[in-house]
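Structure record follows, encoded as structure tokens.
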Amino acid sequence: QVQLVESGGGLVQTGGSLSLSCAASGRTIINYNMGWFRQAPGKEREFVAAISWGGGRTYYADSVKGRFTISRDNAKNTVYLQMNNLKLEDTAVYYCAARSGISVYTARDEYNSWGQGTQVTVSS
């Protein structure tokens, strides 16, 4: 199983940007679909973005489409989430997730490896 460690979270004002990273170890992620999820206090963990193993296909939640970009560097075994024009409602703990396969997966239950999360707080 692949181990995942997120970084890059922090405090930012509305309209600002943050870039999250997810470093994988234990296995190469080249055969893995990678995803980002988030969980706000009192809410369920929700899908944010996913990218296929080769990076050719991406999928976004409607709430972040046009503002967030997921990318990957398989040589570095790392996945990224660039977040622009951040809003108050983007405040959450952001989790990186992985599962093997060639499709793009968007359901939480489809993933079997998770990081510990990184806090993103957007203030007004």
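The values are calculated or read from the model by the stated rules, or taken from the named source; none is laboratory data. Computed from a predicted model, the values in this text were never measured in an experiment. Note that we place each Cβ from the backbone using ideal geometry, even for glycine, and neighbour counts take in every protein chain shown. Quick note on the areas: whole protein, heavy atoms, side chains included, nothing else; ligands and nucleic acids left out. Shrake-Rupley method; radii C 1.70, N 1.55, O 1.52, S 1.80 Å.
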Looking at Arg67, Arg38, Arg45, can you tell me which residue is without any contact (Cβ under 8 Å) to a residue 24 or more places away in the chain, of a type in the set (D, E, K, R) and within 20 Å of Thr121 (Cβ to Cβ)?
Arg67
Among (1) under 13 Å from Glu6 (Cα atoms); (2) of a type outside the set (Lys, Arg); (3) in contact with a Phe, Trp or Tyr (Cβ under 6 Å, 6 or more places away or on another chain), there is one condition Ala50 misses while meeting the rest; what is its number?
(1)
Output the residues belonging to the range 111-123 that are within 16 Å of Arg38 (Cβ to Cβ) and open to solvent by 70 Å² or more (accessible area, probe 1.4 Å).
Trp114, Gln116, Gln119
Any chance Arg67 is basic (Lys, Arg) and either under 11 Å from the mean Cα position of the chain (by Cα) or within 19 Å of Gln119 (Cβ to Cβ) (or both)
yes
Residue by residue through the range 10-46, note down the ones that are more than 13 Å from Trp114 (Cβ to Cβ), among the polar types (S, T, N, Q) and open to solvent by 50 Å² or more (accessible area, probe 1.4 Å).
Gln13, Thr14, Ser17, Ser19, Ser25, Thr28, Asn31
Could you tell me which numbered condition Arg108 fails, if it satisfies all but one of (1) farther than 22 Å from Val122 by Cα; (2) open to solvent by 50 Å² or more (accessible area, probe 1.4 Å); (3) out of contact with any Lys or Arg (no Cβ under 8 Å at 6 or more places or on another chain)?
(3)
Evaluate the range 56-67: report whether one residue or more is closer than 16 Å to Thr106 by Cα, of a type in the set (A, V, I, L, M) and crowded, with 22+ Cβ neighbours inside 10 Å.
yes
